[in-house]
Each structure stands twice: as C-alpha cells, then as structure tokens.
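The numbers here are math on the coordinates, done by the rules we state, and not lab data. These numbers were taken from a predicted model, which means no experiment stands behind them. Positions of Cβ are generated from backbone atoms using ideal geometry, with glycine treated the same way; all protein chains shown enter the neighbour counts.
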Amino acid sequence: MPLLSTVTLLVVCALPNPAPGSLAETLPAPRSLLPPPTIVPSPMAPAILTKEEFAATFQPTPGQHDVVLLNPFTHKPVQVRFWLPPGVTRVYAGRHAVYFDSPRWSIEIWFRPLGGAEVRKIFPPAVIDD
C-alpha cells in the first residue's frame, strides 16, 4: 500500500497547474540531502625559474629531480629530469648551462638554442667557461 500512495503522490506533483488548495500545493519544497559544496582554491602553478635563480636556490640532494626552467634562448619553460650522485658540492649557472660539481664528476643541464635542454655527465669535473 505505501508504494501505491508514493506513485499517486508523484502523479499529483507532476500535474502542470495544481488546483488551489490541492495536495500538491500544500507540500513543502523538497530539501537537498547533500551538504553545500565547498570551494577549494586551486594550487598555484610552480614558479618557472631562470638558470641563475635555480642555481642560487637549489639544495643538491642525491637522487632524481624534476624541474621546470626557463630556456635562456627561447624564453620558454623546459621540463628537465636529472639524477644527482651523493656528494654534489657546488651548483652554479654558466652562460648556457647549469653545472653540478661533485668530487668524481660534473653534471650539466645544457640549454639548446632552438629549445629544450640536455643533461650531460662530464668526467672529471672541470670548470667550464662558456
């Protein structure tokens, strides 16, 4: 019997213009059972650093690193993935690259003139003046 009354109620509510004083006009408006939506601010995009800013702020730790740097030739962001060994003692920016020196080798992020970057390993470490 409850199923029949529910169906009847739905039919009454579906009428286009209920008559004054009818059952459909006296029902309260439906309430939402869901909580109100919460607004979550989107996280800020990471800053795109120049090679000089990156060299000044980067703390070398062993392992893989993913960074986005500004190519000095094209002035467009470049995503770079590189791996550092333990014992990197110095990080500095040259004219066209970022260098990481350790006692056994040097690693450089070389920026290409037409865009992109290349990670190179140099044996033995040497100061490169480009």
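Taking a ≥ b ≥ c as the square roots of the eigenvalues of the alpha carbon gyration tensor, segment 49-130 is prolate, as a/c is not under 1.5 and a/b beats b/c. Net charge in the neighbourhood of GLY87 (other residues with Cβ under 12 Å of its Cβ; Lys, Arg +1, Asp, Glu -1) is +1. Annotation: the residues HIS65, HIS75, sorted from fewest to most other C-beta atoms within 10 Å of their own C-beta, follow the order HIS75, HIS65.
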